[in-house]
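Here the structure is laid out as structure tokens; the discussion comes afterwards.
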Amino acid sequence: MKEKKNEQMKAAMNRGGSLDELKDNNVIFRVLMIIAASALFALNINTFVHTGGLLPGGATGLTLLLQEIFQRFFSVQIPYTVINLLINSIPVYIGFRFIGKRFTLLSCLVIVLSGVFTDLFPVTILTQDILLISVFGGLINGAVVSLCLLMNATSGGTDFIAIYLSEKRGIDSFNISLFINVAIISVGGLLFGWDRALYSIIFQYVSITVIHALYRKYQQATLFIVTMYPSEISSIIYKLSGHGATVIEGVGAYEHKERSIVYSIVSSAEARRVVGAVKERDPAAFVNIVKTERVIGRFYRRPED
């Protein structure tokens with residue numbers, strides 16, 4: 001049984017579309033990645049974020065902001081985990097109610113572990129250059145959030161809201177998180193100084209940029225596939241992505257032979273797997289992948305588990 005599962009994992013890795021199949025076939029793999037992401041998330045807070053006095057936005061930024069308010073104005077030290085769990089209670093409800101139970105459970109694991117690790121890990125100073133802290137801290141934060149999303153989980157807070165709006169509105173709404181985070185950071189600027197707030201915006205902008213680059217589920221790609229097997233190619237697209245296709249009949253301008261063009265829109269995350277399967281069936285297929293700005297109308301989105 002174990003050998004069979006290892007063969008499935010190896011086959012998935014070799015096919016290129018692999019990460020989705022790998023995590024679907026092995027929940028333990030997802031949990032291990034989430035534990036690693038939570039530890040890295042906490043290390044980032046206790047090195048770059050604390051050293052620079054940054055407010056990274058979202059539930060994390062709000063937690064750190066409240067911690068500092070209680071400590072500075074009331075001389076009360078409240079653990080990170082306590083505040084973070086309270087802040088995430090409403091987003092977690094949204095996750096259970098509208099997104100998916102397993103997705104939300106794994107997200108809760110991220111929230112709890114990252115909070116516990118943050119309270120346990122020591123604060124370490126790697127550099128005191130605030131610009132380096134903002135850029136590299138943002139890079140790490142974006143990579144960690146992307147890893148959680150790729151494992152079908154989230155780090156909590158505004159990520160739940162962004163995913164909910166993306167599912168309901170059909171748009172890439174992670175920019176909404178950026179605006180929410182700017183509002184949180186602005187409060188920190190009013191209370192503790194605008195230098196910190198402006199560097200925190202750099203941190204958050206870098207983080208959002210990394211997420212856009214690494215996590216592409218809510219971005220779409222248009223496929224134009226010139227092939228001799230339009231029916232089979234259409235079936236492959238539907239099987240792998242759940243999306244339909246339109247077949248356009250045409251004539252090649254050079255050889256003057258009849259050709260079929262299969263037109264379809266899939267998520268950017270699915271495009272590589274679809275194209276790999278298409279080329280496996282028809283090595284001579286000509287494929288043009290175009291970035292899609294926006295889709296209006298019915299567009300199937302695979303629900304979170």
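The values are calculated or read from the model by the stated rules, or taken from the named source; none is laboratory data. Keep in mind it's a predicted model, so treat the numbers as computed, not measured. Every residue, glycine as well, gets a Cβ built from its backbone with ideal geometry; the counts of neighbours run over all protein chains shown.
Residues being over 13 Å from residue 153 (Cα atoms), assigned by TED's automatic domain parsing to the domain that holds residue 202, surrounded by 14 or more Cβ atoms within 10 Å (Cβ to Cβ) and more than 20 Å from the chain's Cα centre (by Cα) are represented in the stretch 87-106 by at least one member. Is it the case that residue 198 is modelled with pLDDT of 90 or more, over 22 Å from residue 84 (Cβ atoms), assigned by TED's automatic domain parsing to the domain that holds residue 34 and touching a Gly at 6+ places or on another chain (Cβ under 8 Å)? Yes; evaluated as a whole, the condition is true for this residue.
Applying the set (1) outside the structural domain of residue 104 (by TED's automatic domain parsing); (2) out of contact with any helix residue (DSSP H, G or I) (no Cβ under 8 Å at 6 or more places or on another chain); (3) not small (Gly, Ala, Ser) to residue 237 leaves exactly one unmet item: (2). Against the test of being modelled with pLDDT of 85 or more and among the acidic types (Asp, Glu), the options 172, 129 yield a single qualifying residue, 129.
If I ask for residues that are exposed (fewer than 13 other Cβ atoms within 10 Å of the Cβ) and either modelled with pLDDT under 90 or under 30 Å from residue 147 (Cβ atoms) (or both), which ones from the stretch 275-290 would you list? Within the stretch 275-290, 280, 290 qualify.
Between 55, 43, the distinction of being modelled with pLDDT under 90 and not charged (D, E, K, R) belongs to 55 only. Can you tell me which residue within the stretch 39-97, out of those that are in a helix (DSSP H, G or I) and hydroxyl-bearing (Ser, Thr, Tyr), is farthest from residue 206 (Cα to Cα)? Ranking the candidates gives 93 first.
Counting the residues of the stretch 34-63 that are among the hydrophobic types (A, V, I, L, M, F, W, C) and farther than 19 Å from residue 160 by Cβ gives 11. A count restricted to the stretch 250-267 and to residues that are surrounded by fewer than 17 Cβ atoms within 10 Å (Cβ to Cβ) and among the small types (Gly, Ala, Ser) stands at 3. Filtering the stretch 152-161 to residues that are surrounded by 24 or more Cβ atoms within 10 Å (Cβ to Cβ) and assigned to a loop (DSSP other than H, G, I, E, B) leaves 153, 154, 155, 156, 157. Go through the stretch 117-150 and count every residue that is surrounded by fewer than 23 Cβ atoms within 10 Å (Cβ to Cβ), of a type outside the set (Asp, Glu) and farther than 15 Å from residue 218 by Cβ. Matching residues across the stretch 117-150 total 19.
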